[in-house]
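In what follows, a single structure is set out as structure tokens and then discussed.
The values are calculated or read from the model by the stated rules, or taken from the named source; none is laboratory data. These numbers come from a predicted model, not from an experiment. Neighbour counts run over all protein chains shown; Cβ positions are idealised from the backbone, glycine included.
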Amino acid sequence: MEVMIIANIVELVTEAVAPAILEPFELIDIQYEKLGGDYVLSVLVDKPEGITVEDTAELTDIISPLLDTIQPDPFPAQYMLEVSSPGLERPLKTKEALEGAVGKYINVSLYKAIDKIKIFQGDLVSFDGETLTIDYLDKTRHKTVDIPYSSVAKARLAVKL
């Protein structure tokens, strides 16, 4: 499926459901993808103390009818709705999310390599809205890299192994 169609679906779904996801819940991300033979619309929601099974059931009851109100129907095929928590490797999609991740271990993929590296994984030392500073391990040595926010393709929390 075309990237354009997926981006459009994600945008329409975000517009429809974001206003209905109220505190203490926070809408983290919406993804639409084909898993196996099925299309899955994933709505990732979190709250400070974490999401329970009851929360996902309640949110599904709120979100599902809202999807039926989107006109014209943007979905090219039948899909499954999955409301879940972003888990340990939650995406960091906004500057605010990155500011909240300072001091945490993250994974960053870049549009353009820095020192021939396109993926950095390490501690986010600082983020001033324009530049991320990451402390990472290069073989056995700690190094620091400054990454312009504009060159970040994707960022997410990571699990240190």
Breaking point among (1) under 16 Å from Ala155 (Cβ atoms); (2) surrounded by 14 or more Cβ atoms within 10 Å (Cβ to Cβ); (3) of a type outside the set (Gly, Ala, Ser); (4) not assigned by TED's automatic domain parsing to the domain that holds Ile119, for Leu59: (1)
Test: residue in the range 55-69 that is in a loop (DSSP other than H, G, I, E, B) and closer than 20 Å to Ala18 by Cα: yes
Cross-chain or 6+ apart pairs with Cβ under 6 Å, the range 101-122 first and at negative phi, then of a type in the set (Lys, Arg) and part of a strand (DSSP E or B): Asn107/Arg156; Ser109/Lys154; Leu110/Lys118
Index of the failed condition, Lys112 passing every other in (1) closer than 22 Å to Ala158 by Cα; (2) surrounded by 12 or more Cβ atoms within 10 Å (Cβ to Cβ): (2)
Tyr32 vs. criteria surrounded by 11 or more Cβ atoms within 10 Å (Cβ to Cβ) and farther than 16 Å from Ile9 by Cα: no
Qualifying residue in the range 127-140 (condition: surrounded by 13 or more Cβ atoms within 10 Å (Cβ to Cβ), under 17 Å from the mean Cα position of the chain (by Cα) and either part of a strand (DSSP E or B) or not assigned by TED's automatic domain parsing to the domain that holds Glu26 (or both)): no
Condition met for Leu81 (touching a helix residue (DSSP H, G or I) at 6+ places or on another chain (Cβ under 8 Å) and modelled with pLDDT of 95 or more): no
Selection status of Gln121, under 20 Å from Ile6 (Cβ atoms) and not aliphatic (A, V, I, L, M): no
Checklist (1) modelled with pLDDT of 90 or more; (2) charged (D, E, K, R); (3) assigned to a strand (DSSP E or B) applied to Glu33, failing item: (1)
